[in-house]
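Chemist: Could you have a look at this structure, given as structure tokens, before my questions?
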Amino acid sequence: MPPPATHPSEAKPSLTVLLAGPRGFCAGVDRAIRIVEEALRLHGAPVYVRHEIVHNRYVVESLERQGAVFVEELDEIPDDGRPVVFSAHGVPKSVPAEAARRRLFYLDATCPLVGKVHREAERHFAAGRHILLIGHAGHPEVIGTMGQLPPGAVTLVEDAAQARRLRAPEGRPLAYITQTTLSVDDTAEIVAALRTRFPSIAGPAKEDICYATTNRQAAVKAIAPRCDLLVVVGAPNSSNSLRLREVAERAGCPRAILVQRGAELDPAVAEGCATVGVTAGASAPEALVEEVLARLRTRFDLCVEEVVVREERVAFKLPAALTEADPAAPPLAAATTP
Ligand code: SF4
């Protein structure tokens with residue numbers, strides 16, 4: 001039977017969607033979620049999680065339905081022997097110390113790439129250097145990184161203007177480290193300003209901004225000049241998602257918006273656009289990208305093209321406390337270095 005004829009007045013306008021690749025979940029977020037899921041599978045509910053495991057409500061609510069209980073501080077957890085997981089952003093040293101003092105069974109879901117920055121900070125401190133941390137005040141990763149060392153050992157630098165007027169401690173060698181989810185371009189400008197002022201400052205051999213942040217920004221830069229609008233799927237407290245929106249506008253897209261999920265997107269926003277770009281922050285699952293496409297389909301006839309600038313094959317192992325606890329657990333992808 002031939003398909004029913006569509007009246008011309010009912011035909012939807014066509015819209016090209018460029019999907020940025022890579023987008024969405026990174027290896028650190030994937031690992032953190034699997035740690036909570038494995039803890040629930042092995043130990044049952046509840047499993048406590050200190051802070052949002054990753055900055056995404058959809059992920060948090062889905063883990064809550066499985067029995068995870070989210071708290072902001074350890075003092076909200078009773079001494080009932082249940083596991084507690086620390087979030088992917090990392091925690092100050094005082095947190096595992098307090099957990100050990102209370103004999104809590106804790107699992108650390110700090111992304112290994114954030115852990116690498118923690119070790120860099122410790123190495124510089126041991127070498128007698130004062131540390132400049134490039135990052136955003138109040139972000140949990142920054143709080144965790146500064147909390148690896150005693151108060152006063154680290155100075156936060158948020159932008160190039162601050163780098164230019166910074167007063168460093170007299171007579172101390174300097175080193176810089178960075179938050180992992182910053183804008184690649186802004187960070188290069190801040191590092192250049194620091195190097196101009198302090199030519200002998202020590203820094204990482206390879207920058208601290210992680211492979212996932214770098215790749216997602218590169219993918220947005222590749223599609224932004226072709227887009228009339230770019231939709232970033234991510235949370236308003238997700239650093240790497242906010243950076244994607246900035247990168248899109250700087251790379252030539254006239255407008256970039258952040259939505260948490262499909263229901264937040266009014267498809268009328270794409271009215272008059274020929275091409276819309278879609279990407280997702282490292283803590284946003286692909287299901288939310290699908291929701292955004294479904295919303296756009298309610299108003300437009302979509303032609304979806306994926307633009308992949310880099311392939312990613314990074315996976316991190318789960319903590320031994322989970323894998324060794326259950327020899328029947330499914331085999332994990334081997335860890336690879338980004
Ligand atoms: S964005 Fe980068 S640092 Fe953060 S969890 Fe993902 S891989 Fe790790």
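Chemist: Taking only DSSP H segments of four or more residues, each worth -39500 (n - 2.57), what value at 222 nm results for the chain once the sum is divided by all its residues, to the nearest 500 deg cm²/dmol?
Modeler: Only helices count here, giving -10500 deg cm²/dmol.
Chemist: With a 1.4 Å probe and all protein chains kept in place, how much accessible area does Glu98 have, in Å² rounded to the nearest 10?
Modeler: 60
Chemist: If you filter the range 103-132 for trypsin sites (Lys or Arg not before Pro), then keep DSSP loop positions with at most 14 other Cβ within 10 Å, what is left? Before the final figure, lay out each step's value.
Modeler: Values: sites: Arg103, Lys116, Arg119, Arg123, Arg129; in loops: Arg103, Arg129.
Counting only loop positions with at most 14 other Cβ atoms within 10 Å, the trypsin sites (Lys or Arg not before Pro) in the range 103-132 are Arg103.
Chemist: Still on this structure, I have one more. Gaussian network model of the chain, Cα springs within a sub-10 Å range: biggest mean-square fluctuation belongs to which of Val154, Val304, Val276?
Modeler: In the Gaussian network model the winner is Val304.
Chemist: Also, I was wondering about something else. Quick one: which residues, 5+ away or cross-chain, put their amide H under 5 Å from the amide H of Leu156? H built at 1.01 Å from N.
Modeler: Those lying under 5 Å, H to H, from Leu156 are Leu133.
Chemist: Continuing with this model, one more query. Grab the alpha carbons of the range 235-333, take their convex hull, and tell me the volume per residue in Å³.
Modeler: Details: hull volume 15.6 nm³, N = 99.
Once divided by residue count, the hull of the range 235-333 is 158 Å³.
Chemist: Suppose R0 equals 30 Å. What FRET efficiency, 1/(1 + (r/R0)^6) with r the Cβ-Cβ distance, do Asp75 and Arg123 give to the nearest 0.05?
Modeler: That gives a FRET efficiency of 0.40.
Chemist: Okay, moving on. Report the relative contact order of the range 202-312, percent, no decimals, based on alpha-carbon pairs under 8 angstrom and at least 6 residues apart.
Modeler: 31
Chemist: How many nm is it between the label spots at Asp159 and Leu42, if each spot is 7 Å from the Cα in line with the beta carbon?
Modeler: Simple spin-label model gives 4.5 nm for this pair.
Chemist: Mind listing the long-range amide H neighbours of Ala256? Cut-off is under 5 Å, sequence gap 5 or more, other chains count too, H placed in the peptide plane at 1.01 Å from N.
Modeler: So Ala256 has HN proximity to Leu230.
Chemist: How many Å² of accessible area per residue for the chain, probe 1.4 Å? Each step should come with its number before you reach the end.
Modeler: Values: 15610 Å² over 338 residues.
Each residue of the chain exposes 46 Å² on average to a 1.4 Å probe.
Chemist: Is the shape of the chain best called rounded, prolate or oblate, per the rule: a/c under 1.5 gives rounded, else a/b larger than b/c gives prolate, else oblate, with a ≥ b ≥ c the square roots of the Cα gyration tensor eigenvalues?
Modeler: Cα axes put the chain in the oblate bin.
Chemist: Please list 3J(HN,Hα) in residue order for the range 246-256, calculated via the Karplus relation 6.51 cos²θ - 1.76 cosθ + 1.60 where θ = phi - 60°; whole Hz, with x for glycine and proline.
Modeler: 3J(HN,Hα) across the range 246-256, in whole Hz: 4, 4, 4, 5, 5, 8, x, 7, x, 8, 10.
Chemist: Take every Cα-Cα distance within the range 113-197, group them into 10 Å bins from 0 onward, and report for each bin the whole-number percent of pairs it holds.
Modeler: 18, 55, 27, 0
Chemist: Now a separate question. So what is the relative contact order for the chain, in percent, with contacts set as C-alpha pairs under 8 Å and at least six apart?
Modeler: 24
Chemist: Fully extended, how many nm does the chain gain between Phe105 and Lys206 (0.36 nm per residue separation, minus their Cα-Cα distance)? Please list the in-between numbers first.
Modeler: Numbers: separation 101, 0.36 × 101 = 36.36 nm, distance 3.45 nm.
Extra length available between Phe105 and Lys206 comes to 32.9 nm.
The values are calculated or read from the model by the stated rules, or taken from the named source; none is laboratory data. The structure presented is a predicted model; accordingly, all values stated were derived computationally and were not measured. Cβ atoms come from the backbone with ideal geometry, glycine included; neighbour counts cover every protein chain shown. Note: accessible area is taken over every heavy atom of the protein model, side chains too, but ligands, DNA and RNA are not part of it. Shrake-Rupley method; radii C 1.70, N 1.55, O 1.52, S 1.80 Å.
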